[in-house]
1. For Lys139, go through the aspartates and glutamates and keep the ones whose alpha-carbon is under 16 Å away, minus same-chain ones fewer than eight residues off.
2. Lysines within cross-link reach of Lys18: Cα-Cα under 25 Å, excluding same-chain residues under 8 positions apart?
3. Could you tell me the center-to-center distance, by alpha carbons, between region 205-250 and region 30-87 in angstrom?
4. Would you mind ranking Asp85, Asp75, Asp19 by Cβ crowding within 10 Å, fewest neighbours first?
5. Going highest first, how would you order 236-243, 146-153 by mean Cβ packing within 10 Å?
6. Could you compute the net charge surrounding Thr142? Neighbours are other residues with a C-beta less than 15 Å from the C-beta of Thr142; K and R count +1, D and E count -1.
7. Rounded, prolate or oblate: which fits region 1-168 when a ≥ b ≥ c are the square roots of the eigenvalues of the alpha-carbon gyration tensor, with rounded for a/c under 1.5 and prolate only if a/b beats b/c?
8. With the chain treated as a Gaussian network of Cα nodes joined by springs under 10 Å, which of Ile246, Ile105, Ile155 yields the largest mean-square fluctuation?
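Nothing in this text is a laboratory measurement; each read-out follows from the coordinates by a stated rule. All values derive from a computational prediction rather than experimental measurement. We place every Cβ from the backbone using ideal geometry, glycine too, and count neighbours over all the protein chains shown.
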Amino acid sequence: MLAKDTTIQKAGILTKVKDYAMLVKLRLSLLVVISAIATWFFAGGQVNFYFVLLVAGGFLITGSSNAFNQVLERDLDAKMDRTKDRPLPAGRMGVAEALVVAFVIGAAGLLMLFSINFLSGILGLLAMVLYVVIYTPMKQITPWAVFTGAFPGAIPPMLGVVAATGAFNFEAGLMFLVQFAWQFPHFWAIAWITDADYAKAGFSLLPSKGRKNKASAFQVIVYSAFLVPISLLPWAFGMTGKTSLIVGTILGLWFFMTAYRLYLTLEDKSARALMFASFIYLPVIQFLYVFDKIQP
């Protein structure tokens, strides 16, 4: 009987851990932090105590924003297949508990970022406010929410530079710009795949009123095309070497062709390929900048 009770208790703990992981969107939060890590090293940062604060603080800020997002959208999440099993709409967690988690880890994350330098803390706070207060409610109103959401989404690479240098400099702006441009084809690929599910909650996040059509796909390839020259700006301004020029061009053209395939087919399969390509593209181009810059 005792063994059975222990097994049940362990299962309950495991379920709670999984629910917290879902609440903060664990994998997404980790992916976001990778951008800050890359640009920290790009800006000359070292592996030290402040690096640990950046990684932990960035993760907690992102997790807090995701938790607040799920509190605000819990009723809408219940309507969509991809989100209905999240802890709030599924009834495994109450709003009060989720808010406590969001506030606690958000405050801890901000404290860590402010401990690095004042500007890093301000960036973390700005990312949270833009994502939770502006982007989240705007999603229910207009597809322009994607544009608004691209701002907090592009703060992590800027944060990495600012944390390492203590200043809003040109490098920080370029790192922000690359990730800002990348987010449009990345998010629209996801919105394409999940369009029918989004519609159940009243979301329409593709750039065209016709949703999954040539007009939407055309905007995807336009932003993918712009991403090629934007990604080469660090080389153009002498921050990286020829490796980033050559590899960055090849990588950008590959990404563009993946987007162009979506324009030709208008198929979910092509959108899924673009989504996975976007997951590969961003960390590769960002760490390419790092390795190319530190070459003797």
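1. Glu73, Asp75, Asp77, Asp195, Asp197
2. Excluding near neighbours in sequence, the set is Lys4, Lys10, Lys79, Lys84.
3. 24 Å
4. Values: Asp85 13, Asp75 10, Asp19 19.
Starting with the residue having the fewest Cβ neighbours, the order is Asp75, Asp85, Asp19.
5. Numbers: 236-243: 13.9, 146-153: 19.0.
Answer by packing, highest mean first, reads 146-153, 236-243.
6. Net local charge, Thr142 excluded: +3.
7. oblate
8. Ile246
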